[in-house]
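See below for the structure under consideration.
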Amino acid sequence: MLDKIDKSKLPRHVAIIMDGNGRWASLQGLLRSAGHSAGVKTLKKILDTAIDVGLEALTVYAFSTENWKRPHAEVDFLMYLFSYYIEHEKQKMHRENVRIRFLGRPEEFSPGIQKQMRDATQLMKNNTGIKFNVAANYGGQDEIIRATQKLAKKVSAGEISAEKITPALFESELDTAGQPPVDLLIRTSGDMRISNFLLWQSAYAELWFTKTTWPEFSPEEFISAIIDFSNRDRKFGGLSEK
Ligand code: FPP
């Protein structure tokens, strides 16, 4: 299917809300944790596909600032999976020239997981391939507030004047600093919400929803979304580009 993609119209940055692990598991009569494990398998396939397609950046929503409200056992299992995923995938990602970055507030994770996140980031920091962002303990409003606080401190320290705050300067304080805005935002499993994901970066993103649950989301469907994107008429508030 890869040869059906018009490379001149590729999205530079694709973001994914990987929803429906729990629903998939209950439909199979399995525990929610089995759904999350299946979700990790999908994530590996989708990252491989994103590399094959030649995307510049892929961001996935692994854990939101609101996910702490889930039952303890589920949060613990997600932490275990997160840690397992980093440990078992980091060398492979490194070989594939992936540059990983974690978006969000790492300080609320256990010291062990924070170290794994730092080590993986450090290992891949000079890689030049896909920018793979894992949003973990991430919330879009929280990210905007953190960026605002950093700028406010610079203003009160006299380093910059308030009038100098432009969208570009603001972006340089976001977790995705230096990366392109989101072109295509995909959400699996039927709900049509943004759920506090990449609010600033998705200002002009094309939205793509599917009823397929995340464990069942395939590389073929991912490529269909990309092909669909390449046929969209993007206007950015102006007139048609076509
Ligand atoms: C949404 O499904 C999914 C999550 C809250 C977590 C996504 C996590 C993974 C795909 C695996 C872990 C990720 C990494 C990077 C190791 P849901 O539980 O909200 O499903 P539901 O809406 O059907 O209940």
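The values are calculated or read from the model by the stated rules, or taken from the named source; none is laboratory data. Everything numeric in this text was worked out from a predicted model, so none of it was measured. Don't worry about glycine lacking a Cβ; one is built from the backbone with ideal geometry, like all the others, and counts go over all protein chains shown. Quick note on the areas: whole protein, heavy atoms, side chains included, nothing else; ligands and nucleic acids left out. Shrake-Rupley method; radii C 1.70, N 1.55, O 1.52, S 1.80 Å.
Structure values in brief
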| quantity | calculated |
| --- | --- |
| Cβ pairs under 9 Å, 6+ apart, first in segment 2-29 and over 14 Å from residue 229 (Cα atoms), second within 9 Å of the ligand (Cβ to nearest atom) and among the acidic types (Asp, Glu) | 17/191; 19/191; 20/191; 22/74 |
| Tabulated pairs, segment 44-65, first on the phi < 0 side of the Ramachandran plot, second open to solvent by less than 10 Å² (accessible area, probe 1.4 Å) and in a helix (DSSP H, G or I), C-beta under 6 angstrom, 6+ apart or interchain | 46/222; 49/222; 58/50 |
| Residue 153 vs. criteria farther than 23 Å from residue 136 by Cα, assigned to a loop (DSSP other than H, G, I, E, B), among the charged types (D, E, K, R) and out of contact with any Lys or Arg (no Cβ under 8 Å at 6 or more places or on another chain) | no |
| Within segment 109-131, considering residues that are among the basic types (Lys, Arg) and part of a helix (DSSP H, G or I), the one nearest to residue 53 (Cα to Cα) | 118 |
| Residue in segment 171-178 that is at pLDDT 95 or above, within 16 Å of the ligand (Cβ to nearest atom), in contact with a helix residue (DSSP H, G or I) (Cβ under 6 Å, 6 or more places away or on another chain) and not in a loop (DSSP other than H, G, I, E, B) present | no |
| Positions within segment 18-45 being near the ligand (Cβ under 10 Å from one of its atoms) and aliphatic (A, V, I, L, M), in sequence order | 18, 25, 27, 38, 40, 43 |
| Tally of residues being more than 9 Å from the ligand (Cβ to nearest atom) and under 19 Å from residue 109 (Cβ atoms) across segment 55-81 | 13 |
| Any hit, segment 212-223, residues being open to solvent by 70 Å² or more (accessible area, probe 1.4 Å) and free of Cβ contacts under 8 Å to residues at least 24 places away in the same chain | no |
| Yes/no for residue 149 being in contact with a Pro (Cβ under 8 Å, 6 or more places away or on another chain) and surrounded by fewer than 20 Cβ atoms within 10 Å (Cβ to Cβ) | no |
| Test result for residue 52, exposed (fewer than 15 other Cβ atoms within 10 Å of the Cβ), of a type outside the set (Ser, Thr, Tyr) and either away from the ligand (no atom under 13 Å from the Cβ) or within 14 Å of the chain's Cα centre (by Cα) (or both) | yes |
